[in-house]
Amino acid sequence: MSQIVIDVGLQENRVAVLENSELVELYIEEDDDKRTVGNIYKGRVVNVLPGMQAAFVDIGLEKNAFLYVKDAIPKEMLANKKINLKDISIKDVIKSGQDAIVQVIKEPFGNKGARVTTQITIPGRHIVLMPYTDYIGVSRRISNELERDRLREIIESIKPANMGLILRTASEGLELEDFKDDIKFLLKVLNKIDSERNLGFAPRVMYKDLDLIHRTVRDLFTSNVQKLIINSRDEYKSIVELVDMISPQLKSRVEYFDSSHDIFGYFGIEQAINKALDKKVWLKSGGYIVIDETEALTSIDVNTGKYVGSINLEDTVLRTNIEAAKEIAKQLRLRNIGGIIIIDFIDMNNETHEKEVLKTLENELKNDRTKSTVLGMTQLGLVEMTRKKTRSRLTTKLLKECPCCNGTGKVYSERTVLSLINKEVKRLKLHTSAEAAIFEVSIHIEEYLKKNSNSFINKIEEEYGIKLFIKGNYAIHHNEIKVKNIGKIDFIKGILGI
């Protein structure tokens, strides 16, 4: 059984998925950096590149979105079996200057803009509507073939003409009546999008997907989840209302957590996040793996470390590699590592052992909602695999290039340090009667606060009733914060000479 823990903060919301009390997935949504995947835009084509078989589309984001030819082909051409899609040029599909209704399927990442498609999909609780594809699909997580056939038969009777439907994992075990409201809602959203096609100028948003908290309820809060725990009274009430509409039988599993306490600290999630930012991950046996992330690919090295085994060398190697395969699958999911992944397991001279390790890796990856493919072992003894890129890696989200070492290492992002300040002020409020406090931070953080985040400090002061005075100190590391003095406001001002 799993749990979902939601931390509602002043500047960001975080969702942690726990399985057997271990952190396996983490989602973060900042107030000023909302997710765009799933959003539908009326965009304008600004450039068509036949040599790349792609086009750039202005959808109103900082960088133009990228549209591949296969994502731009209209419904009519897709349905025509006589047309060879390889022979279609992007310039025959879309023209520079024209408007296009597109949906974001991949977030902007690094220097790359969002990837978009003209083949719109609209997600519901149990069903995903594909208005431009005549098709019925079933989630690969529903493995029972009899159940898959039963669901296909049910949905065929209510499928809108010339449209496609994908049955989500949450649809397992449901009956005909359970799907009707979902389809009504999805068709209503589609009609709204269609009615706005000719209204307003591009670029503009036509449809926004739910925010992180409500998307979590829709997509992750299923009967397999034992509890959903949240530390905001207002969001708790909102979630209960939503659950009451879509899955009333789960309403009793939603719990409110006292917001005066650190919810992630209580469940051990902060500690797990810190470990997920380390390159080295220790295994229970004493072995370890080293994860190196680069822009092009991710390499993972497996080592026996302190583990010496109890039988012979082959047994030691096999046991370490099997344990590592399980941990690697978990870390890929937790860190949200996508793209090409190369794994250097400890050399095995036994082909049976190699197959056993690969099988373990494949089985563990089945728990991951993001699609991955294990391609096998190369002649150099390296395992090649891919995992679909869906959102930013955890390290990209929480870390930034270190200003002290010209990018050779990483430190906390400014937002992560602000979260530390937030947690420390919450602790002061809970355990002291302080009216004011002096916080010492690195010079870089002080400069950042002066330029960007006075509003955040004001929010903290209003939230906890504690006046904050920020002082930069060259002797303090970028990742550190220090509470120098606390007390009455006049006392603190006297210390500062103001």
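Within segment 204-234, being farther than 30 Å from Val57 by Cβ, modelled with pLDDT of 90 or more and not in a strand (DSSP E or B) holds for Val217, Leu220, Phe221, Asn231, Ser232, Arg233, Asp234. Against the numbered list (1) over 21 Å from Glu25 (Cα atoms); (2) surrounded by 19 or more Cβ atoms within 10 Å (Cβ to Cβ); (3) free of Cβ contacts under 8 Å to residues at least 40 places away in the same chain; (4) among the hydrophobic types (A, V, I, L, M, F, W, C), Met245 comes up short only at (2). Just so you know, in segment 121-144 the residues that are surrounded by 19 or more Cβ atoms within 10 Å (Cβ to Cβ) and in contact (Cβ under 8 Å) with a residue 60 or more places away in the chain include one that is farthest from Tyr41 (Cα to Cα), and it is Arg125.
Just one of the listed residues (Glu196, Glu156) is surrounded by fewer than 18 Cβ atoms within 10 Å (Cβ to Cβ), acidic (Asp, Glu), closer than 22 Å to Asn39 by Cβ and touching a strand residue (DSSP E or B) at 6+ places or on another chain (Cβ under 7 Å), namely Glu196. In this entry, Lys237 is excluded by the filter for residues that are farther than 30 Å from Lys355 by Cα and in a strand (DSSP E or B). If only residues of segment 26-43 that are charged (D, E, K, R) and buried (at least 20 other Cβ atoms within 10 Å of the Cβ) are counted, the one that is modelled with the lowest pLDDT is Arg35. Of the residues making up segment 10-69, those that are closer than 17 Å to Gln98 by Cβ and in a loop (DSSP other than H, G, I, E, B) number 4. Taking segment 1-45, which residues are within 24 Å of Val225 (Cβ to Cβ) and among the small types (Gly, Ala, Ser)? If the condition is that a residue be within 24 Å of Val225 (Cβ to Cβ) and among the small types (Gly, Ala, Ser), then Ser2, Gly9, Ala16, Ser21, Gly38 are the ones that fit.
All conditions in (1) more than 21 Å from Gly110 (Cα to Cα); (2) in contact with a helix residue (DSSP H, G or I) (Cβ under 6 Å, 6 or more places away or on another chain) hold for Asn336, with the sole exception of (1).
Would you confirm, using the coordinates I've provided, whether Val57 is more than 21 Å from Leu85 (Cα to Cα), exposed (fewer than 15 other Cβ atoms within 10 Å of the Cβ) and modelled with pLDDT of 90 or more? Here the answer is no, as Val57 does not meet what is asked. Checked against the criterion of being within 29 Å of Lys279 (Cβ to Cβ), outside any helix (DSSP H, G or I) and polar (S, T, N, Q), the candidates Thr360, Thr390 yield just one match: Thr390. Note on segment 406-498: enclosed strands (runs of 3 or more DSSP E) holding 1 or more residues that are at pLDDT below 90 and closer than 25 Å to Ser232 by Cβ are 410-412.
The values are calculated or read from the model by the stated rules, or taken from the named source; none is laboratory data. Because the structure is predicted, anything quoted here is derived from the model rather than measured. Every residue, glycine as well, gets a Cβ built from its backbone with ideal geometry; the counts of neighbours run over all protein chains shown.
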